[in-house]
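Data first, discussion second: the structure below is written as structure tokens.
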Amino acid sequence: MDKKDKKNNRRNFLKNGLTVGGSMLAMGMGPAIAKDSSGEGKSSGEKIKVLTTDGKVIEVDKPKDDCKIDPCEPPKGNAARQGIPGRSFVMVIDLARCKNARKCIEGCQKGHNLRPDQEWLNVYLMKDHEEGEPYWFPRQCFHCDIPPCVKVCPVGATYKRQDNIVLVDSDRCIGCKFCMAACPYSVRIFNWEKPPESDVPPEDYSPEASVPAQIGTVSKCDFCPDRSREGKLPYCASGCPMGAIYFGDKNEDAVSNGTETLRFRQLIKDRVGYRYLDELGTVPNVYYLPPVERMFDYKSGLNDLPEEKKEVYKDIMDGENNKNN
Amino acid sequence: MKKLARNLETPSRQWYMWVIILSLIVLFGVYALIRQIQEGQIITGMRDNAVWGIYTANFIFFMGLSYAGALVSCSFQLLRIQWAKPLLRMAELITVSTLIVGAPYILFCLGRLDRIHYLFVYGRIQSPITWDVIAISTDLVFCAAFLYFTHIRDFAKLRDMEGLKVAKWRKKLYGILALNYRGTPLQKKYLHQAHDIMAAIIIPTAVIAYSLLSWLFGMSLKPGWHSTIFGPYFVVTAAYSGVALLIIIMWLYRKSRKLEGYITNKHFNYMAFGLVLLTMAYGYFTFSEYITDWYNQTSQMSALLGKFTDMSQYGALQLFHILFTMFVPLIILGLPWFRSINSITLVSLFIVIALWIKRYLIVVPPLETPFIPIQDVRPEYVQYSMTWVEISLTVSGLALIVLIFTIASKIAPIIPVAEIEDVEDTAKPLIRFQTKGA
Amino acid sequence: MIIKLMKMKNQIYKSIYSLMVGFLLILIFGTSISMAQSKERTRLRSYFYIHSNGDRQVSFLLTAGRGRNTQMVENAVLDVEIDLGDSTLFLTELITDEEGAADLQIESGYKLPADEEGITTILASYGGNDSLRSASTDIEVKDVFIEMSFDIVDSVKILMVQANEYNTDGEIVPVEELDINIGVQRLYSVLSIDEVETDEDGVGILEFPDDVPGDSIGMITLVATIDEHDYFGTVTKSQSVNWGNPVSYEVKPLPRQLFSDEAPLWMIIGVFIAIVGAWYHFFLSIFKLYKLKKAGEDS
């Protein structure tokens, strides 16, 4: 094999858009035409082959994934009110890279067993003012330091943890929806009807994983602390094909989007990170990098959308068309 | 007394028919509620943005009506206003019935009614909902107690009345409820004191309870809700709606029970005068709120106010509301040649309807105008529209109020006879202002 | 005359026979060619890793199709061998997983058989099946050893990285002009600090910054990485050192706040006073009624 191939290591290979095909197969969504059945049944997936010091090849059990943060099992009930010690989670979203691919939304919905119309994470088309150019704006829960939702919850079903995360305990929520009315960023959604079936049994429910959902309760983006315990980025950050979503620990001063890792404070300083509606005093923990020197024209984000979705952006598009005339 | 007591005697077939019809309406509402609990709130019109719909509007509306008894009746009691005596029991009945019917509406908003007790077990004192739970339950108990206090003397009279054709168990009940009241000076003193204490404590309780309700909205950042005027505004609106409803009830009883002797032109005149004052106060608060928001032209409030001036959105409702709460009452009630018992009542009816619309306009449009624009393909998520569940629960709530009145009318006469017949011992002033050396 | 006819008949039979054979051959080859053309193209890639504990890993990725239609091949059997020049040393069979990947771990103690230049060539081949073509790959690898040492000179933190390899005689010699990336292990990934190039002694020197946060006692894990070297593959070496700034790991409950579980004291006191005040009056009036009832019994 020529040396050029060695440069294309697996990471680059996957990033060049082939993730779709590969992941389709892995998720079982595409036809598994490329399957060689000769090896079927021989590998259990739980074992790996090792060439030992004395030249023999043996099969041993695959070592379990290291737990980055103990305990790896997300805590249940009131134990989930304690945050992960020493951590202060924060998210940075690079608006110059977002092109409304909506893979973040799909990843989040799949990871948390949501229906396609339930969006913990939504991507809006925002236009700041007349002179501005529209840009795509992913909006997760901001996990504010002074959360208006937590203030008004009558039963303490939603709470702020020391690791910055604001969680919802579905076992305690009475569904009064005051938190939904109080949140200025329209972050929370409600289970108006029976949520989709989940593999996780109700007794294994943890507010950190937020599955299974319960009817008549509120749910929202939880910054995936169950993934962080395994050292994995949240579904949205790892799902974004453009690497627009960075996630990390403020205390560690590092945020990563899966390929790059940057120092958080320096990133915010250099790229002038801001917070949405900061003046409301909620002290959000999601920072946005302004869409300077964009990678894409915002219109490319409209290409693959169904017609009814494009209708939703009509006001902004009309404004833009009038401006050009 | 005898004439009034005749109404209490064995109920006629007509009465039973009326009760059955009302009960059926109420039961249909219960059925709607059961369906809602089983299938989830997806069968209501509430969705992720308009999370509170007419349940909350009804809640505020009925709580506001309860001011009829709480503020009006108790102030009349404390200020020893003589002409208002026939109206006291009516007012108190309004209070208790609207409190009983109104409070559950906020519970219908809950997604998990099986967890209601969490409000007490896990209650957080920082939440406006907890304050409401405490305040409304306190208010309900106090007003119910006050209602009972005002009945004691009449129960005594009924217990002692000869020739009252009621069932034996009812006579016995009157006896128990009369608490051995014999009319002795000592007993009169005790009853008076209990009366005054409750009246005195209900007024601040009601004011605080309703202000706490207003802070369900005030203590949030939403444009349209984030207004410092909401506390006093809601209190004035409640008094306004309470007085208007009281006038309507007065008219109904006057007509149906032929109580022209007790509820006279004078009563309507005085109540109309109060209504005019409240119209002006309400108009002042409304105007001051809207003009301040309009003048500042913040982008959020401009979007919301735009919905109120746009006829295709909420403009029509807002116009109806402003017309019938600020202008029409002043004309009809202020100008003597328009003023008559019927016109006063008609105006009050429109006021009550317009104030329900106002509560709807407070709850729903701000929810539909969040900071981040709603970019949703589903129309029911963009605009709130009520479903049969919510409408039937509203109608059955009204039916339940009428039902409570219907049943109460069989318990004691609607005019507090004892109050009217014994004049001398009610003239003692509550607070004696005396300067030194007088 | 008859002999002539018989000779002709034989010729006819011969020609018919040869025609039939030729036809059959064309048929067979034709179908095999067309079958070969209808088989999907596959591609087998190989990667080499050296882990921090000295273990090596050879990874293979088998894909089918090209460009946007690329798909991973699951459950394929790969034969892995080491090229010994004249012969091959068969190592093992590997089965690809659902992502088309198969790994072979090589313990650090195993000395890779190398050629005269000190390079080990590892071969892998896939036999193909009815719908997929066969594929093969080879990768040339070498061992490298990285050591890190720490020193503090004039309150400046100095990191020294030493890279060594085997020379053709099997002795350990330094590797020069090798780019090594130095980073700090963070929760999800490695934060890159700087890159060093080894000198002729195989040593790279880095001044480590002072403002890197560590864990609760200031420990950080430094990670030295060589990215995709032609022979060394991707090499990582990690080691912990006390060069970070400590971060508080104390778990203390939130102070009394509007948004915490415990309410501010003045709120609790205020509400308590209001409730007690109101209900006191209520019970007072109930008490008056009780006295009223008692008075009625006496008379």
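The values are calculated or read from the model by the stated rules, or taken from the named source; none is laboratory data. Note that the structure is a prediction, hence the values are computed from the model and not measured. In this analysis, Cβ positions are derived from the backbone assuming ideal geometry, glycine residues included, and neighbour counts consider all displayed protein chains. Accessible surface is based on the protein model in full, side chains and every heavy atom, while ligands, DNA and RNA are left aside. Shrake-Rupley method; radii C 1.70, N 1.55, O 1.52, S 1.80 Å.
Conditions tested, residue by residue: (1) in contact (Cβ under 8 Å) with a residue 40 or more places away in the chain; (2) more than 14 Å from chain A (Cβ to nearest Cβ).
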position: B:335; (1), (2): no, yes
position: B:338; (1), (2): no, yes
position: B:353; (1), (2): no, yes
position: B:366; (1), (2): yes, no
position: B:373; (1), (2): no, no
position: B:379; (1), (2): no, no
position: B:396; (1), (2): yes, yes
position: B:401; (1), (2): yes, yes
position: B:410; (1), (2): yes, yes
Quickly run through region B:168-219 and pick out the residues that are under 25 Å from residue B:155 (Cβ atoms), among the polar types (S, T, N, Q) and more than 8 Å from chain C (Cβ to nearest Cβ).
none
So residue C:60, is it surrounded by 19 or more Cβ atoms within 10 Å (Cβ to Cβ) and either assigned by TED's automatic domain parsing to the domain that holds residue C:135 or touching a Lys or Arg at 6+ places or on another chain (Cβ under 7 Å) (or both):
yes
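Condition (residue is on the phi > 0 side of the Ramachandran plot and open to solvent by 40 Å² or more (accessible area, probe 1.4 Å)) applied to region A:142-149: is it met by at least one residue? Spell out the reasoning first.
So the first thing to find is which residues in region A:142-149 are on the phi > 0 side of the Ramachandran plot, and the list is A:143.
Keeping just the survivors that are open to solvent by 40 Å² or more (accessible area, probe 1.4 Å) gives none.
No; the residues of region A:142-149 include none that is on the phi > 0 side of the Ramachandran plot and open to solvent by 40 Å² or more (accessible area, probe 1.4 Å).
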Single condition residue A:282 does not satisfy, out of (1) modelled with pLDDT of 95 or more; (2) touching a helix residue (DSSP H, G or I) at 6+ places or on another chain (Cβ under 7 Å); (3) open to solvent by less than 20 Å² (accessible area, probe 1.4 Å)
(1)
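For region C:114-166, how many residues meet the condition of being more than 14 Å from every other protein chain (Cβ to nearest Cβ) and not in a strand (DSSP E or B)?
At the first step, the residues of region C:114-166 found to be more than 14 Å from every other protein chain (Cβ to nearest Cβ) are C:114-118, C:144-166.
Imposing the further condition that a residue be not in a strand (DSSP E or B) reduces the set to C:114-118, C:144, C:154-155.
So the answer is 8.
In region A:279-299, what residues are over 22 Å from the mean Cα position of the chain (by Cα) and part of a helix (DSSP H, G or I)? First the steps, then the outcome.
Of the residues in region A:279-299, the ones over 22 Å from the mean Cα position of the chain (by Cα) are A:279-281, A:292-293, A:297, A:299.
Of everything in region A:279-299, those that are over 22 Å from the mean Cα position of the chain (by Cα) and part of a helix (DSSP H, G or I) turn out to be A:279, A:280, A:299.
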Residue identified as within 27 Å of residue B:305 (Cα to Cα) and over 22 Å from the mean Cα position of the chain (by Cα) among B:370, B:336:
B:370
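State yes or no: is residue A:256 more than 14 Å from chain B (Cβ to nearest Cβ), of a type in the set (S, T, N, Q) and closer than 23 Å to residue A:111 by Cβ? Walk me through how you get there before you give the answer.
Values: more than 14 Å from chain B (Cβ to nearest Cβ): yes; of a type in the set (S, T, N, Q): yes; closer than 23 Å to residue A:111 by Cβ: yes.
It is true that residue A:256 is more than 14 Å from chain B (Cβ to nearest Cβ), of a type in the set (S, T, N, Q) and closer than 23 Å to residue A:111 by Cβ.
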With respect to residue C:81, is the statement that it is in the same structural domain as residue C:48 (by TED's automatic domain parsing), surrounded by fewer than 18 Cβ atoms within 10 Å (Cβ to Cβ) and either at positive phi or not in a loop (DSSP other than H, G, I, E, B) (or both) true?
yes
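Would you check if there is a residue in region B:145-160 being more than 28 Å from the chain's Cα centre (by Cα), in a loop (DSSP other than H, G, I, E, B) and without any contact (Cβ under 8 Å) to a residue 40 or more places away in the chain? Steps first, please.
Step one: list which residues in region B:145-160 are more than 28 Å from the chain's Cα centre (by Cα), which gives B:156-160.
Narrowing further to those that are in a loop (DSSP other than H, G, I, E, B): none.
So far as region B:145-160 goes, no, none of its residues is more than 28 Å from the chain's Cα centre (by Cα), in a loop (DSSP other than H, G, I, E, B) and without any contact (Cβ under 8 Å) to a residue 40 or more places away in the chain.
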Selection within region A:142-182 - over 22 Å from the mean Cα position of the chain (by Cα), of a type in the set (Val, Ile, Thr) and more than 7 Å from every other protein chain (Cβ to nearest Cβ)
none
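Take residue C:244 and tell me if it is farther than 30 Å from residue A:153 by Cα and either among the small types (Gly, Ala, Ser) or free of Cβ contacts under 8 Å to residues at least 12 places away in the same chain (or both).
Numbers: farther than 30 Å from residue A:153 by Cα: yes; either among the small types (Gly, Ala, Ser) or free of Cβ contacts under 8 Å to residues at least 12 places away in the same chain (or both): yes.
The answer is yes for residue C:244.
Do we find a residue being out of contact with any Lys or Arg (no Cβ under 7 Å at 6 or more places or on another chain), within 14 Å of chain A (Cβ to nearest Cβ) and open to solvent by less than 10 Å² (accessible area, probe 1.4 Å) anywhere in region B:66-86?
In the first step, residues of region B:66-86 are kept if they are out of contact with any Lys or Arg (no Cβ under 7 Å at 6 or more places or on another chain); the result is B:66-82, B:84-86.
Narrowing further to those that are within 14 Å of chain A (Cβ to nearest Cβ): none.
Checking region B:66-86: not a single residue is out of contact with any Lys or Arg (no Cβ under 7 Å at 6 or more places or on another chain), within 14 Å of chain A (Cβ to nearest Cβ) and open to solvent by less than 10 Å² (accessible area, probe 1.4 Å).
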Counting only residues that are open to solvent by 20 Å² or more (accessible area, probe 1.4 Å) and in contact with a helix residue (DSSP H, G or I) (Cβ under 8 Å, 6 or more places away or on another chain), which one in region B:258-272 is nearest to residue B:320 (Cα to Cα)?
B:265
Among (1) within 14 Å of chain B (Cβ to nearest Cβ); (2) of a type outside the set (Lys, Arg); (3) surrounded by 22 or more Cβ atoms within 10 Å (Cβ to Cβ) - the single one residue A:214 does not satisfy
(3)
Considering region C:84-108, residues that are exposed (fewer than 14 other Cβ atoms within 10 Å of the Cβ) and without any contact (Cβ under 8 Å) to a residue 24 or more places away in the chain, and then whichever is nearest to the other protein chains (Cβ to nearest Cβ), we arrive at C:90
Go through (1) part of a loop (DSSP other than H, G, I, E, B); (2) within 29 Å of residue B:274 (Cβ to Cβ); (3) without any contact (Cβ under 8 Å) to a residue 24 or more places away in the chain; (4) not acidic (Asp, Glu) and name the single condition residue B:76 misses.
(1)
Which condition number in (1) within 14 Å of chain B (Cβ to nearest Cβ); (2) touching a residue at least 24 places away in the same chain (Cβ under 8 Å); (3) over 18 Å from residue B:109 (Cβ atoms) is the one that residue A:194 fails?
(2)
Could you grab the pairs with beta carbons closer than 8 Å, sequence gap of 6+ or different chains, first residue in region C:57-80 and more than 8 Å from chain A (Cβ to nearest Cβ), second one buried (at least 22 other Cβ atoms within 10 Å of the Cβ) and not in a strand (DSSP E or B)?
C:60/C:96; C:62/C:73; C:62/C:76; C:62/C:96; C:62/C:100; C:78/C:96
Any hit, region B:94-111, residues being free of Cβ contacts under 8 Å to residues at least 24 places away in the same chain and open to solvent by less than 20 Å² (accessible area, probe 1.4 Å):
yes
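Residue under question is residue A:265, and the condition is that it be outside any helix (DSSP H, G or I) and either acidic (Asp, Glu) or on the phi < 0 side of the Ramachandran plot (or both); does it hold?
On the way: outside any helix (DSSP H, G or I): no; either acidic (Asp, Glu) or on the phi < 0 side of the Ramachandran plot (or both): yes.
Judged against the criteria, residue A:265 is not a match.
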For the condition of a type in the set (Phe, Trp, Tyr), open to solvent by less than 30 Å² (accessible area, probe 1.4 Å) and within 21 Å of the chain's Cα centre (by Cα), what is the one hit in B:234, B:285?
B:234
What single numbered condition from (1) farther than 22 Å from residue A:251 by Cβ; (2) in a strand (DSSP E or B); (3) open to solvent by 30 Å² or more (accessible area, probe 1.4 Å) fails to hold for residue C:238?
(1)
Could you list all residues from region A:201-211 that are surrounded by 13 or more Cβ atoms within 10 Å (Cβ to Cβ) and not charged (D, E, K, R)?
A:205, A:206, A:207, A:209, A:210, A:211
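Looking for whichever is among the small types (Gly, Ala, Ser), surrounded by fewer than 20 Cβ atoms within 10 Å (Cβ to Cβ) and closer than 20 Å to residue B:57 by Cα here; the options are B:214, B:227, B:312, B:241. Which one fits?
Working: B:214 fails: surrounded by fewer than 20 Cβ atoms within 10 Å (Cβ to Cβ); B:312 fails: closer than 20 Å to residue B:57 by Cα; B:241 fails: surrounded by fewer than 20 Cβ atoms within 10 Å (Cβ to Cβ).
Exactly one residue qualifies, and that residue is B:227.
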Conditions first: (1) surrounded by fewer than 22 Cβ atoms within 10 Å (Cβ to Cβ); (2) within 22 Å of residue A:78 (Cβ to Cβ). Residue A:167 passes all but one, so which condition is the exception?
(1)
